[in-house]
Structure formats: structure tokens, C-alpha cells
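Let me begin by presenting the structure, written as C-alpha cells, before commenting on it.
The values are calculated or read from the model by the stated rules, or taken from the named source; none is laboratory data. These numbers come from a predicted model, not from an experiment. All Cβ positions, even for glycine, are placed from backbone atoms using ideal geometry, and neighbour counts span all protein chains on display. When the accessible area is computed, the model is the full protein with side chains, heavy atoms only, and any ligands, DNA or RNA have been set aside. Shrake-Rupley method; radii C 1.70, N 1.55, O 1.52, S 1.80 Å.
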Amino acid sequence: MEINLASDDLRGSRLAICAGCPFRQSHTCTKCGCYVAFRTSLEIKNCSVGKW
């Protein structure tokens, strides 16, 4: 199984967007239930509310 990781720059920009999101609670997205740090690090994933 191959995992496509996002670049450090992409992950950083995603995390910055998530930092100000009202759906983020601690380390989790309350909209989709994901762990934010994990979801932002996967290249093929996107934000469940369309922010990135």
C-alpha cells in the first residue's frame, strides 16, 4: 500500500487554514471527525467543508 504524503508546504498551509476554522476542536474536526494533522498530511484528501 502506497501513501501519498503532502509536501511540507502544502501541509503547513492546510494546518494554517484549519487553525482558524470553527469546526476544529483541539486536534479533531467536528464536521468530519478526522484528526486534523493526519488529514492535512495526505495529498489526496481535502477539507470536508471545502476550505482547502
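Among residues of the range 27-51 that are closer than 13 Å to residue 11 by Cα and among the acidic types (Asp, Glu), those with a Cβ under 6 angstrom from a residue that is part of a loop (DSSP other than H, G, I, E, B) and modelled with pLDDT of 95 or more, sequence gap 6+ or separate chain, pair up as 43/6. Restricting attention to the range 1-21, the residues being open to solvent by less than 60 Å² (accessible area, probe 1.4 Å) and of a type outside the set (Lys, Arg) number 6.
The set of residues in the range 22-52 that are open to solvent by less than 60 Å² (accessible area, probe 1.4 Å) and part of a strand (DSSP E or B) comprises 28, 29, 42.
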